[in-house]
Amino acid sequence: MNRIEIIQGDITKQAVDAIVNAANCSLLGGGGVDGAIHRAAGPELLAECRTLHGCETGKAKITGGYLLPAKHVIHTPGPVWHGGGYGEEELLRSCYVSCLELAAENGCRTVDFPSISTGIYRFPLEKASRIAIAAIAEELKKHPELERVRMVCFDERTKACYDRALAESGAQG
Ligand code: ADP
């Protein structure tokens, strides 16, 4: 059974155990998917985030989902793309790994990711999609308790890119 899926949609609408937020290090909200998640979850999400005192790039922290259909939000600050010479690829990989480890530790079986860093943070999409799929496939091997991990892509171009990365990786999860 393939445990990795790519869909096009709005991550704030997904009723899964955890959705991932492409956050910034303050964890106090921002633009893009971060803003959408905070708007949909309501002010209690921000109140819980204030107690976390931020998060380093490539690491992850978990909160409740509040008004979202998802039970939890896993917040991970992705790397800002500065040309590739600043550890961006390893940091992006670390985001996916950290989120899935935290999901597994918290008993989450279904996890949805947005395309971390490929919006405001300008990480090249094709490279990001290959890193994401490889990291997810590797974590799924370590965690049989994770049932399904989806990439929830906001637009067609992003979905096509992740579809290609999944097909080329040969990963079945
Ligand atoms: P980053 O700062 O990590 O680059 P962005 O939020 O700017 O994060 O973009 C990350 C990706 O999330 C982009 O592909 C963007 O189109 C997408 N995105 C924005 N809103 C949503 C949403 N509601 N659901 C899923 N993906 C979204």
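Read-outs throughout are calculated quantities, based only on the coordinates presented, and are distinct from any laboratory measurement. Quick caveat: nothing in here was measured; it's all calculated off a predicted structure. Ideal geometry is used to build each Cβ from the backbone, glycine not excepted, and the neighbour counts take in all protein chains shown.
Values for this structure:
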| read-out | value |
| --- | --- |
| Residue within region 100-118 that is touching a strand residue (DSSP E or B) at 6+ places or on another chain (Cβ under 9 Å) and free of Cβ contacts under 8 Å to residues at least 12 places away in the same chain present | yes |
| Sole exception among (1) away from the ligand (no atom under 14 Å from the Cβ); (2) touching a residue at least 24 places away in the same chain (Cβ under 8 Å); (3) in a strand (DSSP E or B); (4) of a type outside the set (A, V, I, L, M, F, W, C) for residue 63, by number | (2) |
| Test: residue in region 72-82 that is over 14 Å from the mean Cα position of the chain (by Cα) and either farther than 22 Å from residue 136 by Cα or among the aliphatic types (A, V, I, L, M) (or both) | yes |
| Residue, farthest from the chain's Cα centre (by Cα), within region 18-46, restricted to residues that are buried (at least 21 other Cβ atoms within 10 Å of the Cβ) and part of a loop (DSSP other than H, G, I, E, B) | 27 |
| Leading residue by the ranking (farthest from the ligand (Cβ to nearest atom)) among those in region 135-157 that are outside any loop (DSSP other than H, G, I, E, B), farther than 13 Å from residue 2 by Cα and over 14 Å from the mean Cα position of the chain (by Cα) | 142 |
| Selected residue (criterion: surrounded by the fewest Cβ atoms within 10 Å (Cβ to Cβ)) from residues of region 66-114 that are more than 12 Å from the ligand (Cβ to nearest atom) and in a strand (DSSP E or B) | 110 |
